[in-house]
Amino acid sequence: MRTTRDARAGAPGAASPRRRGDDRGLSTVEVVILAPVMILFILVLVAFGQLVDGRGAIDGAARDAARAGSIQKEHGTALSEARKAARADLADVCSGPVSVVQKSDGFDEKVDPFFTVEVSCEVRGLAMLGLDIPTRLEASFSSPLDPYRRSA
């Protein structure tokens, strides 16, 4: 004959008795394992965010450099102003020197009616994670030579 105690323990659907200390420390182990993974994931997101921001800044600097050069009267002044505009735009984005190279032929609207520049520089990006992956970004932009250019 079964006792009441035996009937409760062996009855279908009855919860089996658990020891009180079975799950101790489990949360600590989860935090120790998952915290570094989550921190690394956040750092990777920040690094790629800097790359995206750098791409936008390089594109904007190329546009500004081409426009600054296209409104000048002389070729030397045009290239100087283009470099000045690009460096001002990229002062807090690039970790190295900013390169501005003219890609158009000459500075005469009869030869080439556009002033085209290519801007490039190293962006911080993944270097903040300790990864030595070169992140040199470049962009080019063309601006029509202004027929009413400044008289120097």
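The values are calculated or read from the model by the stated rules, or taken from the named source; none is laboratory data. For clarity, every value in this text was computed on a predicted model and none was experimentally measured. Cβ: placed from backbone, ideal geometry, glycine included. Neighbour counts: every protein chain shown.
Applying the selection to the stretch 117-138, what residues are surrounded by fewer than 20 Cβ atoms within 10 Å (Cβ to Cβ) and modelled with pLDDT of 95 or more?
Answer for the stretch 117-138, where residues must be surrounded by fewer than 20 Cβ atoms within 10 Å (Cβ to Cβ) and modelled with pLDDT of 95 or more: just E118.
Using the structure shown, decide if L79 is within 19 Å of the chain's Cα centre (by Cα) and at pLDDT 90 or above.
Answer is no for this residue.
Of the residues D92, D64, which single one is at pLDDT 95 or above and among the acidic types (D, E)?
Details: D92 fails: at pLDDT 95 or above.
Testing whether each residue is at pLDDT 95 or above and among the acidic types (D, E) leaves just D64.
For the stretch 86-103, indicate whether the set of residues that are among the hydrophobic types (A, V, I, L, M, F, W, C) and surrounded by fewer than 14 Cβ atoms within 10 Å (Cβ to Cβ) is non-empty. Reasoning before the result, please.
Applying the first criterion (among the hydrophobic types (A, V, I, L, M, F, W, C)) to the stretch 86-103 yields 86, 88, 90-91, 93-94, 98, 100-101.
Within this subset, residues satisfying the condition of being surrounded by fewer than 14 Cβ atoms within 10 Å (Cβ to Cβ) are 88, 91.
Among the residues of the stretch 86-103, at least one is among the hydrophobic types (A, V, I, L, M, F, W, C) and surrounded by fewer than 14 Cβ atoms within 10 Å (Cβ to Cβ), which makes the answer yes.
Could you check K73 against (1) assigned to a helix (DSSP H, G or I); (2) within 21 Å of L145 (Cβ to Cβ); (3) of a type in the set (K, R) and say which number it fails?
(1)
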